[in-house]
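Chemist: Quick one: this structure, given as C-alpha cells, is what I'll be asking you about.
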Amino acid sequence: MSEKKRRRTEAGPPAASAALKKSQRSGSHAQGLRKQLKPDAEILASVREMYDAAQSAASSSKALTLSDLSLSAACREVSDRDVASVQLAIERAVLAMARSILAGRGFSFDVPSRAASNQLYVPELDRIVLRDKSSSRPFASLSTVRKATITARVLSLVYAVLRRDIHVTKRDLFYTDVKLFQDQSQSDAVLDDVSCMLGCTRSSLNVVASEKGVVVGRLVFTDDGDRIDCTKMGIGGKAIPPNIDRVGNLESDALFILLVEKDAAFMRLAEDRFYNRFPCIIVTAKGQPDVATRLFLRRMKTELKLPVLALVDSDPYGLKILSVYMCGSKNMSYDSSNLTTPDIKWLGVRPSDLDKYRVPEQCRLPMTEQDVKAGKDLLEEDFVKRNGGWVKELDMMVKTRQKAEIQALSSFGFQYLTEVYLPLKLQQRDWL
C-alpha cells in the first residue's frame, strides 16, 4: 500500500472525518460557554432580581377572575365545595329525576358541553374557560341511554364515597362496575361531566388520580399532619399527594420553581443537588401533567409567590405540556381557575438553543409530518399568538424541522445540564 493510500485509510471516510471535526468544534464551543460562567454569587444576584419582581407583583396586584370581566359569552366555572354541599347537590339532582319519572316524563341529565367548539381563550386571564352551553342526555333515547346510565351510576358511587368521607382513585371507581364502564376512559369522562354538572372541582368529589408527580428541593410542607422536608427525599423526590387538600403549611427559602417535563432530567437535577447551588423547588409530572401536580404547582406559586421557570423538550409536545400548566387543558377548562399557573417562563430547551449551544446533528431528531402539523396547530392558538417569542421559536422549529430532547445536552457531558446550561440561562436571564 502506498503512503498516500495508507494516510487516507487511517483518516477514515471523508464524511466520517467531517462529522468528527464538527463534533470536536461543538465540544470546544461547549467548553467556551463554560468559561463564560460568572461566580455563583453573581448569578444568584440576577436570580434574586427575578424573585423580588415576582414577590412585588404578587403583593401589588389583585388576580383577575372571570366575574371581573364583561365577556360577550356566558361562561361556567366550578369551585371547591365541602362534602355536605356536594352531597346536597347530588340529592337535589336525584330528587329532580324522581319527580320527572313520576310525572311520566322519564329523566335526563343536563350536561355542560365540553366540546372544543365550546371552549374560549380569555387573554385577560391567559387561560381557557368553558362557555355556559349544555346538552341533554335523556335515558329514553337510544343514542344516549348508555351514557345516561353511566352518569347515574357515577353519581351514586360518588355519593357513597362522600358519605364514608374517604378518597378513592379513578381506577377504583372504574373497577366497581367494569361491565358497564367497559373502559376507564368512559368512567373518567363522565366523572368530569358530573363535576361540571354539580359545579364543584373534581377533587371535591373525593375521587383522585394515582400518584404521578414528584417534588424535590427547598420546600417543607405537611402531608396529612406529617412534616415533609423535600431536601431529604433522595434523587426520587417526594410523591405529590393525589388529594391536595391534605397538604398544608408550605415553607420555602427558594428563589424560584423549576418545572421539568421529564423524569430523566428531574433525576439529574436531584442527584446533582442543583437546588443547593441555586435555591429552588424542582417539580415534574413525568410527562403529561396530572391534576394533582397542576394543583400543587399553582398552590406553591400562589402561597410562596415564586417565579416559575420551565424546562421542556424542544418539540411541539413539550410546548403543549407547558401550555397545559399555563392556560389549562380543553378537557378540564371548566376548572381552569384552579388548575392553571399563569406567567410561567419558558427557560428551555428552545429551538434557538440548538444552534446557540451547537447541539451536535446526531443528537437532533427530524420532525415527522405529525410533529410539523402539531407545531403549525400551536401557531394558530391564541395563547401562542400573543407571545412573540413563542411564535418566533415555533416558526424556527417548523422551518428547520428539527427537534431535540433535554438529554441531547448530555452529548457535552452527563452533568452539562446542571453545570453549564441552566446556570448560563439564569446568568443571561434567557427565558421567554
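Chemist: Does at least one position in region 377-398 carry a residue that is β-branched (Val, Ile, Thr), in contact with a Gly (Cβ under 8 Å, 6 or more places away or on another chain) and assigned to a helix (DSSP H, G or I)?
Modeler: Residues of region 377-398 that are β-branched (Val, Ile, Thr), as a first pass: 384, 391, 398.
When the remaining residues are screened for being in contact with a Gly (Cβ under 8 Å, 6 or more places away or on another chain), the result is 398.
If we keep only those that are assigned to a helix (DSSP H, G or I) as well, we get 398.
Yes, region 377-398 contains at least one residue that is β-branched (Val, Ile, Thr), in contact with a Gly (Cβ under 8 Å, 6 or more places away or on another chain) and assigned to a helix (DSSP H, G or I).
Chemist: Does region 309-323 contain any residue that is more than 30 Å from LYS373 (Cα to Cα) and outside any helix (DSSP H, G or I)? So that I can check it myself, show each step before the final result.
Modeler: Of region 309-323, the ones more than 30 Å from LYS373 (Cα to Cα) are none.
Checked against the condition, which is being more than 30 Å from LYS373 (Cα to Cα) and outside any helix (DSSP H, G or I), region 309-323 yields no hits at all.
Chemist: For region 111-134, check the following and say yes or no: at least one residue is part of a helix (DSSP H, G or I) and either closer than 18 Å to ASP290 by Cα or not polar (S, T, N, Q) (or both).
Modeler: Applying the first criterion (part of a helix (DSSP H, G or I)) to region 111-134 yields 116-118.
Still in the running and either closer than 18 Å to ASP290 by Cα or not polar (S, T, N, Q) (or both): 116.
Looking through region 111-134, at least one residue is part of a helix (DSSP H, G or I) and either closer than 18 Å to ASP290 by Cα or not polar (S, T, N, Q) (or both).
Chemist: Please count how many residues of region 245-270 are open to solvent by less than 30 Å² (accessible area, probe 1.4 Å) and either free of Cβ contacts under 8 Å to residues at least 40 places away in the same chain or out of contact with any strand residue (DSSP E or B) (no Cβ under 9 Å at 6 or more places or on another chain) (or both).
Modeler: To start, the set of residues in region 245-270 that are open to solvent by less than 30 Å² (accessible area, probe 1.4 Å) comprises 247-248, 250, 254-261, 265-266, 269-270.
Now narrow it down to the ones that are either free of Cβ contacts under 8 Å to residues at least 40 places away in the same chain or out of contact with any strand residue (DSSP E or B) (no Cβ under 9 Å at 6 or more places or on another chain) (or both): 248.
Residues flagged as open to solvent by less than 30 Å² (accessible area, probe 1.4 Å) and either free of Cβ contacts under 8 Å to residues at least 40 places away in the same chain or out of contact with any strand residue (DSSP E or B) (no Cβ under 9 Å at 6 or more places or on another chain) (or both) within region 245-270 amount to 1.
Chemist: Among all residue pairs at least 6 apart or on different chains, which show Cβ distances below 8 Å where the first residue, located in region 376-399, is farther than 21 Å from LEU365 by Cβ and the second is in a helix (DSSP H, G or I) and of a type in the set (Phe, Trp, Tyr)?
Modeler: From residues that are farther than 21 Å from LEU365 by Cβ, the pairs are VAL384/TRP390.
Chemist: Any idea which residue in region 403-432 is least open to solvent (accessible area, probe 1.4 Å), counting only those that are over 18 Å from PHE278 (Cβ atoms) and among the aromatic types (Phe, Trp, Tyr)? Can you show your working first?
Modeler: Residues of region 403-432 over 18 Å from PHE278 (Cβ atoms): 403-405, 407-408, 410-414, 432.
Then keep just the ones that are among the aromatic types (Phe, Trp, Tyr); that gives 412, 414.
On the way: PHE412: 33, PHE414: 161 Å².
The qualifying residue least open to solvent (accessible area, probe 1.4 Å) is PHE412.
Chemist: Still on this model: Being under 20 Å from MET197 (Cβ atoms) and either open to solvent by less than 50 Å² (accessible area, probe 1.4 Å) or out of contact with any helix residue (DSSP H, G or I) (no Cβ under 8 Å at 6 or more places or on another chain) (or both) is the filter here, so list the residues in region 51-78 that pass it.
Modeler: Here is the first cut: in region 51-78, the ones under 20 Å from MET197 (Cβ atoms) are 66, 73-78.
Hits for region 51-78 are LEU66, ALA73, ALA74, CYS75, VAL78.
Chemist: Given the criterion of a type in the set (S, T, N, Q), assigned to a loop (DSSP other than H, G, I, E, B) and under 23 Å from the mean Cα position of the chain (by Cα), identify the matching residue among THR341, THR418. Before you say what the answer is, go through the steps one by one.
Modeler: On the way: THR418 fails: assigned to a loop (DSSP other than H, G, I, E, B).
After ruling out the rest, the residue left standing is THR341.
Condition check ((1) in a strand (DSSP E or B); (2) not β-branched (Val, Ile, Thr)) across all residues:
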{"position": "SER204", "(1), (2)": "no, yes"}
{"position": "GLU211", "(1), (2)": "no, yes"}
{"position": "VAL215", "(1), (2)": "yes, no"}
{"position": "THR222", "(1), (2)": "yes, no"}
{"position": "PRO242", "(1), (2)": "no, yes"}
{"position": "ASP245", "(1), (2)": "no, yes"}
{"position": "GLY248", "(1), (2)": "yes, yes"}
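Chemist: Can you go through ALA148, ALA160 and tell me which one is outside the structural domain of ILE282 (by TED's automatic domain parsing) and either without any contact (Cβ under 8 Å) to a residue 12 or more places away in the chain or in contact with a His (Cβ under 7 Å, 6 or more places away or on another chain) (or both)? Working first, answer last.
Modeler: Working: ALA148 fails: either without any contact (Cβ under 8 Å) to a residue 12 or more places away in the chain or in contact with a His (Cβ under 7 Å, 6 or more places away or on another chain) (or both).
Criteria check complete, one pass: ALA160.
The values are calculated or read from the model by the stated rules, or taken from the named source; none is laboratory data. Predicted, not measured: the structure shown is a model, and the values here were computed from it. We place every Cβ from the backbone using ideal geometry, glycine too, and count neighbours over all the protein chains shown. Calculation scope for accessible area: heavy atoms of the full protein, side chains included, ligands and nucleic acids excluded. Shrake-Rupley method; radii C 1.70, N 1.55, O 1.52, S 1.80 Å.
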